[in-house]
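For reference, the structure is listed below as structure tokens.
The values are calculated or read from the model by the stated rules, or taken from the named source; none is laboratory data. Because the structure is predicted, anything quoted here is derived from the model rather than measured. Cβ placement follows ideal geometry from the backbone for every residue including glycine, while neighbour counts extend to all protein chains displayed. Only protein heavy atoms, including side chains, enter the accessible area calculation; ligands, DNA and RNA are left aside. Shrake-Rupley method; radii C 1.70, N 1.55, O 1.52, S 1.80 Å.
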Amino acid sequence: MSYLEEARKQAEALKTKEHVRILALETSCDETAAAVIENGRRILSNVIFSQIDLHELYGGVVPEIASRAHMEACDRVIDEALAKAGMALSDADALAVTCGPGLVGALLTGVNCMKGLAFAAGKPLIPVNHIEGHVSANFLTHSELEPPFLCLVVSGGHSHLVQVLDYGEYRLMGQTVDDAAGEAFDKAARVLGLPYPGGPRIDALAEEGDPHFLRLPHPKLDGRYDVSFSGVKTAFLNAVHGMEQRGEPLPKADLAASFRHAVCSQLAEKTELLLRDQMESGKRPVLALAGGVSANRELRRQMSTLCERLSVPLYMPRLDLCTDNGAMIGSAAYYRLMRGELADLSLNAMPALRFA
Ligand code: KG4
Ligand code: ZN
């Protein structure tokens, strides 16, 4: 029997198994992360090796350094995830890996590592879309959450408003027409001289600042639920450079607060429009947030206020599950496995893999 035939047979049997444990690996950007997840919902272990120290010097992720660091770390991170779950590789029912989107070299390291392990151990391998992983972080945080719901996915590389119709089924409602929200945060942080990754640092600084210190432009877009951050970013950079040229001291907290406010207000506004449209057409929407930027304090506050005002249930991932981790990949993988979606050994990295 070929590898894939054997894997399909095992996957079929797993559909009725009571406890399905998946070992998942995530290497799409700058975290080497592995986790063991039971039935898509329960975290048995979740190990993250962050490469931030390696990239900080360069002010952003250096793809070659990321690939090499993943190669050096992935065996160790996987061993640790298995050990923390009290398991050997042979106890895992299936393996999962992020196959895209992300940095090609970083993805390839993980994909090849898991293809090797899956073949050697004779286990099914599930390919997972990284963004679907972010959405699934909510399933690990909220045991009662089930599709359908709306999800605002805001990360370093992506900003999407989607309808989650079912597990693994999405309809894209809106997206950024230029920069992703996290990318904009990172660039604004850089101009303030804050180290990479800047999003969390802007967020912390902003807590002490005046959000109305600097007026930033509000984009007018054709797409009803689309967002844009490049105009806000450019206006911010120009304002900061202007102050520097005039020799004025930078009120960093006020600047950070103004930028954060502009980004979060735009996200909240477009989300409100979508929620109201859904309500007007007789639906009772439920909203979830996902991705690194969903850890942002103001975004969480604005979304909580909005959902309270509209009486819409709001789900947000646990803070440590907002940014990249292996657990979210293991959760998404479970639902793909239940649909019989497996990879064969020709699985490749898909750096531009689409989500919806
Ligand atoms: O989801 P993620 O870990 O990686 C991608 O898939 O891109 O997101 C990382 C992004 C970075 O841009 C980081 O600056 C941003 O999320 N981020 C934040 C916060 N925490 C992480 N941005 C704003 N506020 C935060 N608290
Ligand atoms: Zn991510």
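Some observations on this one:
- log₁₀ of I(q)/I(0) at q = 0.25 Å⁻¹ - the stretch 153-235, Debye sum with one point per alpha carbon: -1.23
- Taking 7 Å steps out from each Cα toward its Cβ at ALA352 and ALA88 produces label points 4.5 nm apart.
- Each peptide in 189-201, 125-137, 259-271 receives the mean, over its residues, of other Cβ atoms within 10 Å, and ordering these scores from highest gives 125-137, 259-271, 189-201.
- Cα-Cα over 23 Å, subset of LYS187/LYS252; LYS220/LYS252; LYS9/LYS84; LYS15/LYS123: LYS220/LYS252; LYS9/LYS84
- Applying a DSSP loop filter and a limit of 11 other Cβ atoms within 10 Å to the trypsin sites (Lys or Arg not before Pro) in the stretch 1-94 leaves LYS15, LYS17.
- Largest first, the residues MET328, MET316 sort by 1.4 Å accessible area into MET316, MET328.
- The chain: relative contact order as a whole-number percent, Cα under 8 Å and 6+ apart: 25 percent
- Rel. contact order, % - alpha carbon contacts under 8 angstrom, at least six apart, the stretch 121-203: 18 percent
- Along each principal axis, taking the top coordinate minus the bottom one, the Cα set of the stretch 1-140 gives 49, 31, 26 Å in descending order.
- When the Cα positions of LEU237, LEU172, GLY223 are compared along the charge dipole of the stretch 137-274, LEU237 comes out farthest toward the positive end, with charges on each C-beta of Lys, Arg, Asp and Glu.
- Surface per residue (accessible, 1.4 Å probe) for the stretch 264-344, Å²: 39 Å²
- Cβ charges +1 (Lys, Arg) and -1 (Asp, Glu), total dipole of the stretch 1-127, debye: 500 debye
- Estimated FRET transfer efficiency (ALA120, SER230; beta-carbon r; R0 41 Å; 0.05): 0.35
- Cα extents of the stretch 287-356 along the three principal axes, largest first (Å): 49, 22, 21
- Here the peptides 280-293, 22-35, 331-344, 150-163 are ranked by packing, the mean other Cβ count within 10 Å, and the order with the highest first is 22-35, 150-163, 331-344, 280-293.
- Directionally averaged projected area (convex hull, Cα atoms, the stretch 218-342), nm²: 11.1 nm²
- Percent carbon-and-sulfur accessible area, the chain, ignoring ligands, DNA and RNA, probe 1.4 Å: 51 percent
- Helices that extend 27 Å or more along their long axis by alpha-carbon positions and average at least -0.5 on the Kyte-Doolittle scale are, among the DSSP H runs of the chain, 63-84, 252-280.
- Geometric extent, Cα atoms of the chain - Rg, Dmax (angstrom): 20.8, 74
- Helix-only [θ]222 nm of the chain, DSSP H runs n ≥ 4, -39500 (n - 2.57) each, per residue, nearest 500: -14500 deg cm²/dmol
- Unit charges on C-beta of K, R, D, E only; dipole of the chain, Debye: 580 debye
- Between LEU125, PRO148, VAL162, the Cα set farthest toward the positive side of the dipole of the stretch 120-199 (charges on each charged residue's Cβ, about the Cα centre) is that of LEU125.
- Remark: C-alpha extents of the stretch 240-312 on the principal axes read 56, 21, 20 Å, sorted largest to smallest.
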